[in-house]
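J.: Here it is, the structure in full.
The values are calculated or read from the model by the stated rules, or taken from the named source; none is laboratory data. As the structure is a prediction and not an experimental result, all values here were calculated from the model. Quick reminder, even Gly has a Cβ in these numbers, built from the backbone with ideal geometry, and neighbours come from all protein chains shown.
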Amino acid sequence: MSEKEQNNPEKGMDQLRSKINEVDEKLVLLLGERRNLSKEVIKAKDLDNLPVRDMKRESELLNRIIDAGKTQGLDTHYVTKVFHEVIEDSVRLQQNFLLNKSNKPLEERSSIRIAIQGIEGAYSFLAANKFFAHSDEELEFVSKHRFEEVVRAVEKGEADYAMLPIENTTSGGINEVYDLLLHTTLSIIGEEIFHVKHCLVGTEEISLNKITKVYAHYQAAAQCSKFLDSLPNCKVEFFADTAMSVQKIKEVGDSHFAAISSEEAANLFDVPILKKNIANQTENFTRFLVVSRNPVKVDERIKSKTSLVLATEHSPGSLVRALMSFQTYGLNMTKLESRPILGNPFEEMFYLDFEGNVEDENVLMMLDELKRHTRFFKILGTYPEQELVSAKPAIKKYTPEELKISKENIASKDEKDSPTGVKKTKAKSYKLASRDFKPEDTIIKVKDIVIGGDTFVVMAGPCSVESENQIFSCAQEVKNNGAHILRGGCFKPRTSPYSFQGLGNEGLKMMSEAGKSFDLPIITEILSIDQIQDVVKYSDMLQIGARNMQNFSLLKEVGKTHKPILLKRGMMSSISELLNAAEHIMSQGNQQVILCERGIRTFETATRNTLDLSAVLVIKELSHLPVIVDPSHAVGFRDKVIPLAKAAKVVGAHGVMVEFHPEPEKALSDGEQSLYFYQFEEMMKELNSI
Ligand code: PEP
Ligand code: MN
């Protein structure tokens, strides 16, 4: 900026803004250009009969873009987020091309008529706009009060499609819509999963405690109950839909009245947003079905889903026999819902979705088998599946020759070769955790991270959460280096009562925000039963530390939760005691236990503990549960963490948990064993090359 411009800050600002506008316009032009290329790609793929989605290529593309981003100072998370959108757009565009090719267009008309419950601005309207974003035709909306009228409008030809919400992640299935699907002649031709983000909107900016009335759809109000309770002197009035609530406050024009709606509806009606993200649960999704008079033919290269409704015979085990058909034909069922049959008390209709296409030979055979076990059967439609998983940056893989170590030499699965002879020990005092009970490896999913089987996960973070800055920079470090889960202690088990005991719930909230910002699952330790409720709410996994491995009442309570549990081996505990501790959790219902070897006390004092790496081999033989290694607490010195983490991978662990810190010498706990960021980066590279 010239000296003159500095003297006139307003002018300098104008110039900067106009430069930003220029850059934005260029970005839009480039996105358009990219989309055109994408159209060419699908034509070429079509000729060569290639699938629309190629996750491997998407991962490689992301890697390349992330590297390019780094040279421009753009972090991995930012680049990944932007390009997930770009890739999704491209996938939808290509799917549309194939769908249009194999289906006759609607009669000559330049618009598509979509029936929705509610008015423009309602969530059905927004979801429809998203679903039909790639069609060239204009969208025309046919607004109805009730779902039944929406369905009838399409049946009678008053509209071409209906947008029907079928389930919400917070409030569950929408029964009325399920019941309509049973009798309608319409077919499902698509689905749209819509992220619902409720806001409070008003007619003018006003402080929240002055609001006296809020209009809301009853479901939206239920989903925002905590926020509504926090408004003093405020009454809630229910309304048929969210957009109508906004329309109502505009009509009334009293600034003390507010409504709950989406951000998009607020923009559409041009009203100010008083507060964003007011729902009790931020992860709030509604799944919509798109139905029409004619089924669509889905090209086999598009991953598709089929929905059915059926009633089984009146005989014991008939549902099980019917469902076995899916296993016989290797088809993945993604949903099973039941609804009472009207007029037949205590009899059920089952609605189910599976991954597959009714055009596929294997699916047709499965359906024949399935029909043999039913007394009612109706296909609701085959349609492209909206995949919620996005490609992850690829991790470089090396060939065995490059590794020089042949995996077969490391861990033999053959029982005869078992040098430990552990199979021959006396009857076990644990059952659910044992391989005898369940021979195949347990696979545990934490958000979209898979633990167990052939995967190797890296959980990393500071010993303790110390500040927002600290945990956010750690989260960024985890993400940027392709590690998977963010760790951090909020309730710390310290030997001395005078040491830092952790930030408690405040730390938990900081960590949860950091996890969300960088799209990382988080794990934190709990010390007592009274912490379970909050930790379950904010954390994706719960950790039981070494000192609590045999706190049986705590094990029992976490066994009643639905979150994966990382169970650390006590420093004075045997492997059998560890597996019995896991059994305490599992016997209460929660089967998602991951074991962790973190070093045990021996006569050796040169290191903090002694890392018992052979435990990984023994545990894998005795149990189907995943097992990971924590080299940080085992050894106690940062210079020995990387070699031990590598050894853990070589020995066959399903992952590692390590501690790092932006400034280890200032850490409030376990500084000596915490890696510097540069060491963590080194560790990730070295682990990836094994
Ligand atoms: C920790 O992981 O923060 C911890 C306290 O570990 P451990 O229970 O293994 O000592
Ligand atoms: Mn620690």
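J.: Restricting attention to region 407-437, report how many residues are more than 25 Å from ILE642 (Cα to Cα), modelled with pLDDT under 90 and charged (D, E, K, R).
T.: 9
J.: OK, next. Would you check if LEU579 is within 17 Å of LYS438 (Cα to Cα) and among the aliphatic types (A, V, I, L, M)?
T.: Considered against the rule, which asks whether it is within 17 Å of LYS438 (Cα to Cα) and among the aliphatic types (A, V, I, L, M), LEU579 comes out as yes.
J.: Regarding ASP670, is this residue over 30 Å from the mean Cα position of the chain (by Cα), within 16 Å of ligand 1 (Cβ to nearest atom) and either within 23 Å of GLY488 (Cα to Cα) or not assigned by TED's automatic domain parsing to the domain that holds SER473 (or both)?
T.: Yes.
J.: ALA258: closer than 27 Å to PRO232 by Cα and modelled with pLDDT of 90 or more, yes or no?
T.: When the stated conditions are applied, ALA258 passes them.
J.: If you check every pair at least six apart or on different chains, which have Cβ atoms under 6 Å apart with a residue in region 595-606 that is touching a residue at least 12 places away in the same chain (Cβ under 8 Å) first and a residue that is more than 16 Å from ligand 2 (Cβ to nearest atom) and of a type in the set (Gly, Ala, Ser) second?
T.: Note: pairs meeting the criteria are GLU597/ALA615.
J.: Mind counting the residues in region 598-632 that are more than 16 Å from ligand 2 (Cβ to nearest atom) and either in a helix (DSSP H, G or I) or touching a His at 6+ places or on another chain (Cβ under 8 Å) (or both)?
T.: The number of residues fulfilling the criteria is 11.
J.: What tally of residues in region 591-620 results from selecting those that are surrounded by fewer than 18 Cβ atoms within 10 Å (Cβ to Cβ) and either in contact with a Lys or Arg (Cβ under 7 Å, 6 or more places away or on another chain) or among the hydroxyl-bearing types (Ser, Thr, Tyr) (or both)?
T.: The total comes to 5.
J.: When region 286-313 is examined, which residues are found to be part of a strand (DSSP E or B) and of a type in the set (Lys, Arg)?
T.: ARG287, LYS305
J.: Quick one: in region 31-85, which of the residues that are farther than 30 Å from CYS474 by Cβ and either in the same structural domain as CYS474 (by TED's automatic domain parsing) or among the acidic types (Asp, Glu) (or both) is surrounded by the most Cβ atoms within 10 Å (Cβ to Cβ)?
T.: ASP46
Each row is one residue, and each column tells you yes or no for (1) of a type in the set (Gly, Ala, Ser); (2) in contact (Cβ under 8 Å) with a residue 40 or more places away in the chain.
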| residue | (1), (2) |
| --- | --- |
| GLN94 | no, yes |
| ILE112 | no, yes |
| SER124 | yes, yes |
| ASN129 | no, no |
| VAL142 | no, no |
| HIS145 | no, yes |
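J.: Condition test on GLY636, is it within 13 Å of ligand 1 (Cβ to nearest atom) and touching a Leu at 6+ places or on another chain (Cβ under 7 Å)?
T.: Considered against the rule, which asks whether it is within 13 Å of ligand 1 (Cβ to nearest atom) and touching a Leu at 6+ places or on another chain (Cβ under 7 Å), GLY636 comes out as no.
J.: While we're looking at this one, here's another question. Among the numbered criteria (1) assigned to a strand (DSSP E or B); (2) at pLDDT 90 or above; (3) of a type outside the set (A, V, I, L, M, F, W, C), which one does GLU348 miss?
T.: The single condition GLU348 does not satisfy is (2).
J.: Exactly one of these conditions fails for LEU644: (1) modelled with pLDDT of 95 or more; (2) at positive phi. Give me its number.
T.: Of everything listed in (1) modelled with pLDDT of 95 or more; (2) at positive phi, LEU644 misses just condition (2).
J.: Sort out which residues of region 569-594 are touching a residue at least 24 places away in the same chain (Cβ under 8 Å) and either within 16 Å of ILE444 (Cβ to Cβ) or hydroxyl-bearing (Ser, Thr, Tyr) (or both), and write them in order of number.
T.: Matches in region 569-594: SER573, SER576, ALA582, ILE585, MET586, SER587, GLY589, ASN590, GLN591, GLN592, VAL593, ILE594.
J.: Output the number of the condition that GLN679 fails; it satisfies all remaining conditions of (1) buried (at least 18 other Cβ atoms within 10 Å of the Cβ); (2) in contact with a Phe, Trp or Tyr (Cβ under 8 Å, 6 or more places away or on another chain).
T.: (1)
J.: For a quick check of your reading of the model, give me the residue pairs whose first member lies in region 264-290 and is touching a residue at least 24 places away in the same chain (Cβ under 8 Å), whose second is surrounded by fewer than 13 Cβ atoms within 10 Å (Cβ to Cβ) and of a type in the set (Lys, Arg), with beta-carbon atoms closer than 8 Å and at least 6 apart or on different chains.
T.: Qualifying pairs under 8 Å: ASN280/LYS226.
J.: Mind checking which residues of region 633-659 are hydrophobic (A, V, I, L, M, F, W, C) and part of a helix (DSSP H, G or I)?
T.: The answer is ALA634, VAL635, VAL641, ILE642, LEU644, ALA645, ALA647, ALA648, VAL650, VAL651.
J.: Another question, then. With GLU663, GLU577, GLU659, GLU597 as the choices, which residue is at pLDDT 95 or above, within 16 Å of ligand 1 (Cβ to nearest atom), closer than 21 Å to GLU477 by Cα and acidic (Asp, Glu)?
T.: GLU659
J.: Check every one of the strands (runs of 3 or more DSSP E) wholly within region 441-482 and list those with 3 or more residues that are more than 16 Å from ligand 1 (Cβ to nearest atom).
T.: 444-446, 449-451
J.: Do the conditions hold for LYS620, that is, is it assigned by TED's automatic domain parsing to the domain that holds GLU577, away from ligand 1 (no atom under 16 Å from the Cβ), at pLDDT 95 or above and under 15 Å from ARG569 (Cβ atoms)?
T.: Considered against the rule, which asks whether it is assigned by TED's automatic domain parsing to the domain that holds GLU577, away from ligand 1 (no atom under 16 Å from the Cβ), at pLDDT 95 or above and under 15 Å from ARG569 (Cβ atoms), LYS620 comes out as yes.
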